[in-house]
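These notes concern the structure reproduced below.
What follows draws every value from the coordinates through simple rules; no lab data is involved. In this text, all values refer to a predicted model and were calculated from it rather than measured experimentally. Virtual Cβ from ideal backbone geometry, glycine too; neighbours counted across all protein chains shown.
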Amino acid sequence: MSKYKKIYKDLRNKIENREYKPGNKIPSMRKLAEEYGCNKLIVKKAFDLLKDNNLIEKKIGKGSFVKFPEKINSKKNIFDFTTSYITEDFFPYKKVSKLINNLIDKEKSSIFSQSNIKGDKNLINVLANKYNLPQKNMIIISGAQQGIDLSRKILNLRFSENIIFEDPTYSGAISLFRPKIFVTLENDGPSINELKQKINKKIKSFYTIPIIHNPTGINYSPEKKKIIASLAQKYNFYIIEDDYLSDFSENNTKRFVDIIPDKTIFIKSLSKITAPGIRLGFLVAPDSLVNKFLNAKFSSDIMSSTFMQKFLNIFIKSGLFDKHIHYCKTIIDKRKNVLKELINNYPFLNISNSQEGYNLWIKSDKPINLTNPPWADGSNFSFSKEYQDYFRISFMGIKENNFENSIKYLKTIFDGIEEESDQLVF
């Protein structure tokens with residue numbers, strides 16, 4: 001056997017036997033040349049062969065490192081902890097199919113007609129009763145993102161100085177508004193002192209996720225809600241209240257829309273609590289803004305599906321909606337416990353205290369140098385350097401038959417960070 005093939009075989013065996021684990025730095029060419037009594041060109045041939053077989057990769061100026069398993073890396077979506085949604089696998093499609101067949105038999109071709117600009121009256125009635133909100137102020141939308149975008153247009157928020165954001169906050173809203181003014185988020189809501197300092201005559205709105213905040217998972221305290229509501233009244237700005245995952249919360253405190261309805265635009269996504277394909281939500285606007293929202297929705301040319309609205313109406317009425325939420329809660333609790341048990345094995349990882357919903361907000365005390373992490377980096381939610389060592393794991397988008405292996409995958413990554421925190425490559 002030629003010398004370079006022997007070096008290749010020895011290194012490959014050490015990688016496969018996990019003597020060199022994913023992310024570990026392997027000995028330099030110079031060191032191996034000395035060890036095997038050959039020149040560096042021979043070692044380079046062995047390295048090239050390892051690279052061709054996707055076993056190592058080179059990081060300029062740092063050396064060569066063991067790659068993470070190609071079969072996992074090439075199928076990123078299998079173990080994707082980045083996207084915050086519930087996989088459609090949990091949706092009760094067998095029971096729902098009967099509802100859909102009955103709906104088609106009853107409504108016939110009308111389910112494919114163009115919807116009313118405000119939304120299906122029956123669905124509005126059901127949602128208003130379920131969430132204790134006024135029917136006359138409710139508008140069906142195609143998802144929370146549309147509601148946020150309509151709010152931006154209605155309030156004429158063309159300038160990033162017009163709106164205050166939490167820090168950290170939802171990345172989708174950041175991309176729409178491109179805000180420049182942030183207030184630090186504490187365990188019970190934003191810093192009131194900071195908020196008071198940054199409010200001025202130009203401020204038109206405050207964007208907030210007060211229940212199961214994204215990404216931190218915190219809930220606003222009733223006291224801070226009251227203070228913020230009084231500030232909105234005093235300084236004449238609107239609160240854009242994004243109800244993200246309140247169905248999974250035990251928090252029964254009043255919402256901003258309950259406390260100060262004339263200054264609150266309430267937005268709720270339904271796809272985040274049902275299935276990704278149910279692209280529906282609703283907003284509740286103050287009396288003074290309802291017609292403006294209707295005109296803006298009409299101008300946007302994004303109509304909400306008639307079929308999906310009629311389906312959602314009977315889905316809620318049948319009781320399957322509540323059963324689905326309850327079932328998902330049990331899965332969330334199970335998965336969360338498994339993840340917490342794993343993460344608690346690594347002292348350098350710290351989970352945020354407030355953790356309702358299906359995201360975990362985690363701080364790492366060691367640097368994470370992954371170029372393609374399976375989670376959402378803190379930089380997605382904040383421009384502040386303070387959150388560069390944070391990341392969010394969203395764990396309900398992974399299919400049930402992949403979840404066990406996804407935990408093993410995370411363990412491999414955490415092991416690599418622990419052992420080679422300053423050298424890890426992904």
With both bridge residues required to lie in the range 114-318, what share of the DSSP beta bridges run antiparallel, to the nearest 5%? 40
Could you point to the residue in ILE140, PHE112, ASN380 farthest towards the positive end of the chain's charge dipole, with +1 and -1 charges on the Cβ of Lys/Arg and Asp/Glu respectively? PHE112
What are the radius of gyration and Dmax of the range 114-318, computed over its Cα atoms and given in Å? 16.2, 49
Neighbours of LEU320 by Cβ distance under 12 Å: Lys/Arg at +1, Asp/Glu at -1, summed charge +4
Cα pair distances exceeding 23 angstrom across the range 291-409, given as percent: 52
Per 10 Å bin from zero, what fraction in whole % of the C-alpha pairs of the range 312-382 is there, up to the bin with the longest pair? 15, 37, 26, 16, 6
Principal axes of the chain: Cα extent on each, largest first, Å: 83, 58, 38
When only alpha-carbon atoms are used, what values of Rg and Dmax, in angstrom, describe the range 213-360? 18.3, 54
Across the range 3-56, how large is the tail of the calculated P(r) beyond 15 Å, expressed as a percent of all Cα pairs? 40
Hydrodynamic calc, the range 195-261: Kirkwood Rh from Cα pairs, then Stokes-Einstein at 10 °C with viscosity 1.306 mPa s, so D in µm² s⁻¹ is 127
DSSP-defined beta bridges in the chain - what % are antiparallel, rounded to 5: 60
Sorted from fewest to most neighbouring beta carbons within 10 Å, what does the list LEU312, LEU155 look like? LEU155, LEU312
What whole-number value in cubic angstrom gives the convex hull volume per residue for the C-alpha atoms of the range 88-220? 162
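For the chain, what is the relative contact order in percent, using Cα pairs closer than 8 Å and at least 6 residues apart in sequence? All intermediate terms of the calculation are to be shown ahead of the outcome.
On the way: 693 pairs, mean separation 94.7, N = 426.
It rounds to 22 percent for the chain.
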I want to check the label-to-label distance for TYR85 and ARG30. Put each point 7 Å from Cα in the C-beta direction and report it in nm to one decimal. 5.1
With +1 on the Cβ of every Lys and Arg and -1 on the Cβ of every Asp and Glu, and nothing else charged, how large is the dipole of the chain about its Cα centre, in debye rounded to the nearest 20? 920
Highest mean first, what order results for 268-278, 97-107, 32-42, 228-238 on Cβ atoms within 10 Å? 268-278, 228-238, 32-42, 97-107
Restricting the calculation to Cα positions, tell me the Rg (one decimal) and the Dmax (whole number) of the range 110-151 in Å. 11.1, 31
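Starting from the Cα coordinates of the range 148-242, work out the convex hull volume and express it per residue in Å³.
In the range 148-242, the Cα hull volume divided by residue count equals 82 Å³.
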How would ASP149, ASP80 line up from fewest to most surrounding beta-carbon atoms within 10 angstrom? ASP80, ASP149
All Cα pairs of the range 1-120, percent lying beyond 20 Å: 63
Burial ordering of ARG152, ARG12, fewest other beta-carbon atoms within 10 Å first: ARG12, ARG152
Extension gain LYS94-ASN295, at 0.36 nm per residue separation less the Cα-Cα distance, in nm? 68.5 nm
